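Asker: Let me begin by handing over the structure; questions about it come next.
The values are calculated or read from the model by the stated rules, or taken from the named source; none is laboratory data. Remember, it's a predicted structure, so these values are computed and weren't measured experimentally. Heads up, the Cβs are rebuilt from the backbone with ideal geometry, glycines too, and the neighbour counts pull from every protein chain shown.
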């Protein structure tokens, strides 16, 4: 059962505007795929693979956790200079990597921060900080960044399967299904075809 949204009224329109603004800045339309690596470069956010982040220290317990395809996808964090970076698991498919990176970029775009005392405690206890509002914002904005509402509606009319839409947008099947559901696209077009 999906969790109840705790996002403020009007968030969908705001996130769509953000997604379309970045597409405009990068010279692509709201129907085009947006590559997460290009968006990160545009935002001056360095992306590192887990192997790059732990180079020379592959026995580290964090490396073993973060290189596990079933336990770790991606995360943003401040580096030693306070700049935000992303570390991601390249063992995932290219589609899943794009969706993972869009989620982390959404955290950065929304200026999410980890309170200093929480960051210290998480580091000491080997925990991961979790904020429900931040996660819902990143999930929805990440989805908008990857596939805008006009984009998913256009794709639903032009492609026969979820797999074809996934291929076009280089998005995970889960992301395509999420965007079809959250935008009401399936419902709208199923109703129109009656």
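Asker: What is the one condition in (1) under 18 Å from residue 90 (Cβ atoms); (2) modelled with pLDDT under 90 that residue 11 does not satisfy?
Answerer: (1)
Asker: Among the residues of segment 169-194 satisfying the criterion of being outside any loop (DSSP other than H, G, I, E, B) and surrounded by 18 or more Cβ atoms within 10 Å (Cβ to Cβ), which is modelled with the lowest pLDDT? Please lay out each step first, then the result.
Answerer: Let us first name the residues in segment 169-194 that are outside any loop (DSSP other than H, G, I, E, B), namely 169, 173-182, 185-192.
Retained after the next criterion (residues that are surrounded by 18 or more Cβ atoms within 10 Å (Cβ to Cβ)): 169, 175-176, 178-180, 185.
Values: 169: 97, 175: 95, 176: 96, 178: 94, 179: 96, 180: 95, 185: 91.
My answer is 185.
Asker: For segment 46-59, does any single residue satisfy the condition of being buried (at least 18 other Cβ atoms within 10 Å of the Cβ), within 20 Å of residue 143 (Cα to Cα) and at pLDDT 95 or above?
Answerer: yes
Asker: Take the conditions within 16 Å of residue 169 (Cα to Cα), modelled with pLDDT of 95 or more and out of contact with any strand residue (DSSP E or B) (no Cβ under 7 Å at 6 or more places or on another chain) and apply them to residue 43. Does it pass? Walk me through how you get there before you give the answer.
Answerer: Details: within 16 Å of residue 169 (Cα to Cα): no; modelled with pLDDT of 95 or more: yes; out of contact with any strand residue (DSSP E or B) (no Cβ under 7 Å at 6 or more places or on another chain): yes.
No.
Asker: Condition first: farther than 22 Å from residue 133 by Cα and out of contact with any helix residue (DSSP H, G or I) (no Cβ under 9 Å at 6 or more places or on another chain). Can you find one or more residues in segment 86-104 that meet it?
Answerer: yes
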